[in-house]
Amino acid sequence: MTGYKHILIAVDLEVGGTQLLTKAQALTDTAQIHLIHVEDHPVTGYGDATGHNHSVNEVQIRQTIYPKLAALADSHNIPHQNLHITFGDPAHEVHQLAKLLDIDLIITGSHGKHGLKHLLSSTSSSIHSGAKCDVLSIYTG
């Protein structure tokens, strides 16, 4: 595994991020590591039923997510210029960034879901099926 030069780790900030980075860094001490966190596109508009403005934009979401992603990166000595927050379909966004950065290994977490839960939450499977480089799933519980 020491042949990898550019690793992209798809992190879920709610589950297993530290575990993923710890295991990924155990694989190499020379690869450049990038982190990506993908969010759904924000829902915008006004809440007519409630009378409150429910407008949220990507800037507000980034302001909430970035400190968490930066703290995770800091705890593993990953430079902030290697942090990426994107919006949309997780597999598509991971594949696009992997191509842009010439990534040779994508690492994603696996939550060990089975049956219907696995079918409904197949982000890891989608990343595997469309990747143009090696993909490693690490069980995060």
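The values are calculated or read from the model by the stated rules, or taken from the named source; none is laboratory data. Note that this is a predicted model, so its numbers are computed, not measured. When we count neighbours, we look across all protein chains shown, and the Cβ atoms used for this are built from the backbone with ideal geometry, even at glycine.
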Report task. Check whether at least one residue in segment 101-116 is assigned to a helix (DSSP H, G or I), at pLDDT below 95 and out of contact with any Gly (no Cβ under 8 Å at 6 or more places or on another chain), and report yes or no. Result -> yes
**Report entry** Subset of segment 3-31 that is among the β-branched types (Val, Ile, Thr) and not in a helix (DSSP H, G or I) - its residue that is surrounded by the fewest Cβ atoms within 10 Å (Cβ to Cβ)
**Finding:** THR30
**Report entry** Test result for PRO90, surrounded by 12 or more Cβ atoms within 10 Å (Cβ to Cβ) and at pLDDT 90 or above
**Finding:** yes
**Report entry** Residues satisfying the stated conditions in segment 26-67, i.e. within 17 Å of LEU136 (Cα to Cα), of a type in the set (S, T, N, Q) and modelled with pLDDT of 85 or more
**Finding:** GLN32
